[in-house]
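No value in this document is a laboratory result; all are computed from the given coordinates. All values reported here derive from a predicted model rather than from experimental measurement. Virtual Cβ from ideal backbone geometry, glycine too; neighbours counted across all protein chains shown.
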Amino acid sequence: MSKLEKRLFDNDPYLDKITATVESCEKIKEGYSLILDRTIFYPRGGGQPCEGGTINGMNVLDAYDEGGEILHIVEQPIEAGTEVSIEINMKNRRANMCHHLAQHILSAIMTNEFDNDTVSAHMEDGYGHIELPRKMTPAELRDLEARAREVIAADHPVKTYYITPEEAQKVKYRGKITPHDMIRFVEIEGFDINACGGCHCRSTGELRHIVITGTKDVRGLFRIYFKAGADAEAELENRTLYLMSAQQSLGVEWSHELPEAAESTAKALMGAKATLEAYHNRIETLYYNYFLSISEDIGGRPFIKDFINDYYDTNTLKSVASRLVKEKKATVILCACDEQEGSLIFMRAKGPKEPDLGMYVKKLMADHGGRGGGSPVLAQGMFPTFTDAAHEAVMKAFEDIRNDAVKAAL
Ligand SMILES: [Zn+2]
C-alpha cells in the first residue's frame with residue numbers, strides 16, 4: 001500500500017474504528033512511535049490538530065507526519081506484526097471537519113466578494129480562525145455570515161481527490177498550491193476548489209450553521225474567529241444570554257441600541273481616563289513642589305523626609321521621589337500610612353556611601369513585622385499593621401538617616 005493509500009481519512013473522514021497491523025515500533029523520548037499499515041489518525045499539521053483516540057485501548061498521545069509516514073505516539077510498545085484495533089475521538093474529528101469546511105466557505109466568500117484573501121487558517125479545540133490582510137467592518141462580517149448561510153442552505157456536495165501538479169494547473173482553483181508530488185483538492189461543487197490536506201464534511205448542509213464569534217488585530221493582520229456545526233449551535237444558544245447581559249449592563253431597552261450605547265460608554269470612559277491622568281499629573285507636581293519646599297540642604301543636595309497620613313498612593317509617591325532623585329540628586333525618605341498599613345519609600349542619588357537605605361528598611365521590617373528591603377540607594381517596605389512602635393522606630397530611623405547624610409557630606 002502506498003503512503004497515500006494508507007491515509008484512510010483522506011477518502012473517508014467519517015471512519016472512526018478499524019483494525020490495522022503494526023509495521024514498526026520504535027522507542028523515542030516521549031514513548032513509542034508506531035507505524036501502521038493503514039490509519040484513520042489525522043497527523044496534526046496544516047492548521048488542523050490531531051483528534052486523539054486509542055490503539056488497542058492505549059491513548060494516542062500524538063500523531064504526526066514524518067517523510068510521508070504517520071507516526072502514532074503511545075506509552076507502551078506493541079510488537080511489529082500485531083493486529084490492533086484503532087479508534088479516533090469522533091467528536092473532535094467532526095468538529096475539525098466542520099471547522100475546516102467552514103473555513104473553505106468563509107475564505108472563498110472573502111476572496112470572491114470582499115477581495116480579502118486568507119493569509120492563514122487554524123482549527124482549534126471548538127473553533128477556527130482565519131487571518132486576513134484587511135480589517136472588516138461589523139456590517140461586512142454580518143454579510144459574510146449571511147452569505148455562508150446561503151452556501152449551507154444550498155447543500156453543495158464536497159469531494160476530495162489527488163491530482164498531479166501538471167493537471168492541477170488546468171483547474172481553476174482558489175489560493176496557492178505548495179509543491180507536492182500529488183495535489184489534494186477539496187471541491188465544494190459549484191462553489192469553490194482549494195488545495196487542502198485536511199478533513200471535511202461531505203456536504204455544506206452538514207454544517208448547519210457558521211457563526212462569526214470574534215475578531216482580533218494581530219501582527220498587522222485581522223483575525224476572525226468562527227464556529228461551525230455543533231460548536232456553532234452551542235454558541236447560538238448563548239447569543240441571547242450574551243446580548244441581554246450587555247443590554248442590562250449598559251441600561252438599554254433593545255439589542256439594536258447596544259452598539260451606540262457601547263460606543264458612547266467607551267468614549268465617556270476615555271474622557272474620564274484623560275481627566276484622571278490630568279489630575280494625577282497635577283498631584284505629582286504639587287507633591288514635587290511641596291517636597292522641595294520642606295527640603296533641607298545637606299552637602300548641596302536636598303534632603304527630604306516626610307510622613308504622609310492623609311491621601312496617598314504609593315505609585316505616585318514613588319514616581320515623585322524618582323523625579324527628585326533624578327533631577328535634583330535628592331535623598332527622599334517617605335513614610336505613608338493610613339489607619340491600618342504603613343509604606344516606606346526610601347530613595348537617594350548615587351554618590352556618598354552613607355546612608356544605606358536598604359539596611360534601614362530591612363531592620364525596620366524585621367523588627368516590626370513588615371516585608372521589604374532594597375539597595376543602599378533604593379528601598380521599599382510595607383507594614384501590614386502599622387503599630388505605634390513601628391511609627392516611633394520610623395521617626396528614629398529618619399533622624400539616623402539624616403545624621404548619616406550629614407556625616408557623609410562633611
Ligand atoms: Zn481544508
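Return the whole-Å distance between the Cα centroid of the range 62-122 and the Cα centroid of the range 182-233.
13
Rounded to the nearest 0.05, what FRET efficiency is calculated for residue 143 and residue 62 with R0 set to 45 Å and r the Cβ-Cβ distance?
On the way: r = 40 Å, r/R0 = 0.89.
The value I calculate is 0.65.
How about residue 362: which lysines have a C-alpha closer than 17 Å to its C-alpha, ignoring those fewer than 8 places off in the same chain?
396
Say each of residue 267 and residue 399 gets a label point 7 Å from the Cα, pointing the same way as Cα to Cβ; how far apart are those two points in nm?
Here the answer is 6.1 nm between the modelled labels.
Measure up 91/135; 267/328; 273/363; 273/318; 6/172 against 30 Å on the Cα-Cα distance and list the ones that go over. Don't skip to the end; give the middle numbers.
Working: 91/135 33 Å; 267/328 39 Å; 273/363 40 Å; 273/318 21 Å; 6/172 28 Å.
Long pairs (Cα-Cα over 30 Å): 91/135; 267/328; 273/363.
Report the label-to-label distance for residue 169 and residue 19 in nanometres (one decimal), using points 7 Å from each Cα along the Cα→Cβ vector.
4.7
So what's the chain giving for Rg/Rh, alpha carbon basis, Kirkwood Rh from the mean inverse pair distance? Mind dumping the intermediate values first?
Values: Rg = 33.6 Å, Rh = 27.5 Å.
Here Rg/Rh amounts to 1.22.
As a footprinting exposure proxy, order 208, 184 by other Cβ within 10 Å, with the fewest listed first.
On the way: 208 15, 184 19.
Fewest-to-most ranking of 208, 184: 208, 184.
If you take the square roots of the eigenvalues of the alpha-carbon gyration tensor of the range 307-410 and sort them as a ≥ b ≥ c, do you get rounded (a/c under 1.5), prolate (a/b over b/c) or oblate? Please report the intermediate quantities before stating the final value.
Details: a/c = 1.91, a/b = 1.34, b/c = 1.43.
Since a/c reaches 1.5 but b/c is at least a/b, the shape of the range 307-410 is classed as oblate.
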